Amino acid sequence: MAKANSTRRRRRSREIVDAKEAVDLATAQSYSENVFLFVPNLIGYTRVIMAGLSLHYMSYHPIYCTLLYGISCLLDAVDGQAARALGQTSKFGAVLDMVTDRCTTACLLCYLSSAYPDFALFFQFLIALDFSSHYMHMYSSLVTGSTSHKLVTSDVSRILWRYYNDSVTLFFVCAGNELFFVSLYLMKWNNTPIGIPLPYLKMLSYPQFLALLTFPIFFLKNFINVVQLWKASKILVGVDLAERAAARIAARKIDSD
């Protein structure tokens, strides 16, 4: 099994393209195949615009903010489907998608830091964990020759393999995590009890109830981020050790010659 996974990873290895050549190709690309204008990337730009508008309304219009933020997040599930259906998957689109996710969530957490100053350090920790785990995971994927950060095999991490390779799990965890943060945002605007006829719940507002429901998903998502950070760190250290060993072997060969 390990040998099969290793072979599969080698087949997925990326071809190295010179940076200057890549810039020239991007500059000279035709309208018929312009990666910037691929449908999933246009959806990505729409996500960025909607996220920006939601930030504009965040401090004074919770309904507009929540609707725009929610649509931006839901489109995250659409661009990938469009890319595969139209044969328009691209590295630019994958990075645009990840950067949009990270920045959108970080901006909401920044607002929550100001809305809940007693928990500002906690929200700052979540931002740092989110960025660092995804950056290190992306970089570890690149240095090991993977064509996508989502191509995680079960022999590397069963948790990350399940998270990235099951689209239902990926959507459920990401959506639940965002819903938890949105619930915290809405709690600043709505404190009206919804009257659930159960002990300890009847005084909860709907944002508080939603936060309670989605808290386990939020916890799971950030546990996955910790696993992702740790596995990426081990991969990078393993690559360092392999390169140092290769350098020692090369040095001994030179000395023997």
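Laboratory data are not the source of any read-out in this text; all were calculated from the coordinates shown. Just so we're clear, the structure is a prediction, and the values are computed from it rather than from any experiment. Please note: Cβ atoms are built from the backbone with ideal geometry, for glycine as well, and neighbour counts cover all protein chains shown.
List of remarks:
- Cross-link partners of residue 150 among lysines (Cα-Cα below 24 Å; sequence separation of 8 or more within a chain): 3, 91, 221, 231, 234
- Using alpha-carbon coordinates, inclination of helix 62-86 to the longest axis of the chain, degrees: 30 degrees
- Residue separation of residue 20 and residue 92 scaled by 0.36 nm, minus their Cα-Cα distance, works out to 24.3 nm of gained length.
- Among (1) 57, 41, 29; (2) 57, 37, 37; (3) 81, 45, 34, the entry that matches Cα extents along the principal axes in Å as calculated here: (3)
- Crossing angle, helix 19-28 versus the chain [Cα axis fit, 0-90 degrees, rounded to tens]: 60 degrees
- Set of aspartates and glutamates near residue 253 by C-alpha distance (under 19 Å), chain-local residues within fewer than 8 positions excluded: 243
- Under 14 Å from a label point set 7 Å out along the Cα-to-Cβ vector of residue 144, the amide N atoms of region 209-234 belong to 227-234.
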